[in-house]
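Chemist: Dropping a structure here in structure tokens format, bear with me for questions.
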Amino acid sequence: MKKVLSRVAFAAALGLSLAGCSTVDSANNWGSDAWVTSKVKTNLLTDGGLSAASSVNVETSGGVVQLSGFAASQEEINKAVAIAQKTSGVKSVRNNVILRK
């Protein structure tokens, strides 16, 4: 009886912990805003080629990515927006990055 109760408790705990998780998108990645933010940041670092003078922040809400901060050139701003737009899970991008003078 003790074994059965411990298995039921474990199953209940597992069910409760999984209930808070986001659904998995078509690429088998978590579709949460945190995942999207992380992926955009990673893509900016690896594919962006942004200069050290650039400081682009990423926030996501409901799949809408907001870019903010500063960039060294308009080309870097355009590249950051393009990278965010092509990231899986992004519905739209709001660009609030300012050109550093």
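The values are calculated or read from the model by the stated rules, or taken from the named source; none is laboratory data. The structure presented is a predicted model; accordingly, all values stated were derived computationally and were not measured. Ideal geometry is used to build each Cβ from the backbone, glycine not excepted, and the neighbour counts take in all protein chains shown. Remember, those area values only see protein heavy atoms, side chains included, never the ligands or the DNA or RNA. Shrake-Rupley method; radii C 1.70, N 1.55, O 1.52, S 1.80 Å.
Chemist: Can we say residue 88 is open to solvent by 40 Å² or more (accessible area, probe 1.4 Å) and among the small types (Gly, Ala, Ser)?
Modeler: When the stated conditions are applied, residue 88 passes them.
Chemist: Would you point out the residue of the stretch 54-72, among those that are touching an Asp or Glu at 6+ places or on another chain (Cβ under 9 Å) and closer than 14 Å to residue 98 by Cβ, that is surrounded by the most Cβ atoms within 10 Å (Cβ to Cβ)?
Modeler: 56
Chemist: Considering only the stretch 93-101, I want to know if a residue exists there that is β-branched (Val, Ile, Thr), open to solvent by less than 50 Å² (accessible area, probe 1.4 Å), in contact (Cβ under 8 Å) with a residue 40 or more places away in the chain and assigned to a loop (DSSP other than H, G, I, E, B).
Modeler: no
Chemist: Within the stretch 58-101, how many residues turn out to be of a type in the set (Asp, Glu) and modelled with pLDDT of 95 or more?
Modeler: Here the count works out to 1.
Chemist: Regarding the stretch 75-82, can at least one residue be identified that is over 16 Å from residue 36 (Cα atoms), without any contact (Cβ under 8 Å) to a residue 40 or more places away in the chain and open to solvent by less than 80 Å² (accessible area, probe 1.4 Å)?
Modeler: Yes, the stretch 75-82 has at least one match.
Chemist: Give the residue that is farthest from residue 40 (Cα to Cα), with candidates limited to residues of the stretch 57-79 that are hydrophobic (A, V, I, L, M, F, W, C) and within 14 Å of the chain's Cα centre (by Cα).
Modeler: My answer is 64.
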